[in-house]
Amino acid sequence: MSVEEQLTISLYRCVTGLSSHHVAKRFQCFPDTITKYLKAILFFFTSDPFYS
């Protein structure tokens, strides 16, 4: 899955406040995948290199 798709899914979940299960149904993937991508995006935006 591309970075753009991961960001889209993560933003969709943050904006709607839906659970991983509901977002997974919307994007036709597993809830664990949604959680994994959300964690990856959050880690990217909170890491030091992003702010440097």
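Out of contact with any Cys (no Cβ under 8 Å at 6 or more places or on another chain), surrounded by 14 or more Cβ atoms within 10 Å (Cβ to Cβ) and modelled with pLDDT under 90: is that true of Phe44 in this structure?
Values: out of contact with any Cys (no Cβ under 8 Å at 6 or more places or on another chain): yes; surrounded by 14 or more Cβ atoms within 10 Å (Cβ to Cβ): yes; modelled with pLDDT under 90: yes.
The answer is yes for Phe44.
Inside region 23-34, can you point out the residues that are of a type in the set (Val, Ile, Thr) and either farther than 10 Å from Ser10 by Cβ or part of a loop (DSSP other than H, G, I, E, B) (or both)?
Taking region 23-34 as the starting set, the residues that turn out to be of a type in the set (Val, Ile, Thr) are 23, 33-34.
Passing the criteria: only Thr33.
Of Leu18, Leu11, which residue is within 10 Å of the chain's Cα centre (by Cα) and of a type in the set (A, V, I, L, M, F, W, C)?
Every option except Leu11 fails the conditions.
The values are calculated or read from the model by the stated rules, or taken from the named source; none is laboratory data. The structure presented is a predicted model; accordingly, all values stated were derived computationally and were not measured. Quick reminder, even Gly has a Cβ in these numbers, built from the backbone with ideal geometry, and neighbours come from all protein chains shown.
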